[in-house]
Amino acid sequence: MFENGILKIASVGDCGLRIVRKGQMIFSTFPQEHYFDCPYQLSSEAVTQTYLDAIISSVDMKEGDTIIMGSDGLFDNVFDQEIVSVMTTHDNVSNAAKALAELAKNHSVDTKFDSPYSLEARARGFDVPWWKKFFGMKLTGGKLDDITVIVGKVKSS
């Protein structure tokens with residue numbers, strides 16, 4: 001919710017939000033997981049998470065700030081510095097969202113790309129079998145997933 005210059009955020013699971021100000025990432029949400037690759041999920045079932053599990057944040061916004069919201073298909077495949085780079089080369093939010101979605105799609109099918117997802121997997125102990133490591137191989141590649149991107153820019157009213 002954006003009100004009186006303050007963005008109020010409730011975040012559950014592995015969708016995310018980033019804020020870019022003057023070419024710098026100034027805010028980022030973080031995924032909530034039970035364990036690697038098993039994010040919190042909202043559901044009508046009693047055994048899952050509810051709105052009470054949300055992480056609540058508030059950010060003072062300034063004119064010109066850019067808000068990037070996306071599914072894990074964006075953040076598992078695109079590094080924050082790539083997001084900032086795309087934002088600095090696109091003034092139009094629609095074109096920026098399309099460019100980020102396209103970049104995420106391209107990374108998701110690139111088996112050689114060392115994605116945020118593959119880095120996290122290796123950090124959590126997931127990797128190729130020992131015999132592939134012997135030949136210098138490691139777990140790489142993007143993550144095929146749904147990709148949703150929404151970009152907005154703060155303007156004075």
Against the definition (farther than 22 Å from residue 31 by Cβ and in contact (Cβ under 8 Å) with a residue 24 or more places away in the chain), how does residue 66 come out, yes or no?
no
Residues of segment 126-144 satisfying the condition of being under 13 Å from residue 77 (Cα atoms) and loosely packed, with under 15 Cβ neighbours inside 10 Å
144
Considering only residues that are closer than 22 Å to residue 76 by Cα and of a type in the set (Ser, Thr, Tyr), look in segment 10-55 and name the one that is surrounded by the fewest Cβ atoms within 10 Å (Cβ to Cβ).
35
Please indicate, with yes or no, whether at least one residue in segment 109-125 is over 18 Å from residue 20 (Cβ atoms), open to solvent by less than 80 Å² (accessible area, probe 1.4 Å), outside any helix (DSSP H, G or I) and of a type in the set (S, T, N, Q).
yes
Going through (1) open to solvent by 70 Å² or more (accessible area, probe 1.4 Å); (2) over 13 Å from the mean Cα position of the chain (by Cα); (3) hydrophobic (A, V, I, L, M, F, W, C) one by one, residue 154 fails only at (1)
Give segment 56-108 a look and list any residue that's open to solvent by less than 50 Å² (accessible area, probe 1.4 Å), assigned to a strand (DSSP E or B) and either of a type in the set (Phe, Trp, Tyr) or within 16 Å of residue 150 (Cα to Cα) (or both), or say none.
66, 67, 68, 70
Answer residue from segment 12-54, given it is assigned to a strand (DSSP E or B) and at pLDDT below 95 and is farthest from residue 142 (Cα to Cα) among those:
49
Which of the residues belonging to segment 70-97 are closer than 26 Å to residue 140 by Cβ, free of Cβ contacts under 8 Å to residues at least 60 places away in the same chain and charged (D, E, K, R)?
82
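The values are calculated or read from the model by the stated rules, or taken from the named source; none is laboratory data. These figures come from a predicted structure and were not determined experimentally. Please note: Cβ atoms are built from the backbone with ideal geometry, for glycine as well, and neighbour counts cover all protein chains shown. Note: areas computed on protein heavy atoms with side chains; ligands, DNA, RNA excluded. Shrake-Rupley method; radii C 1.70, N 1.55, O 1.52, S 1.80 Å.
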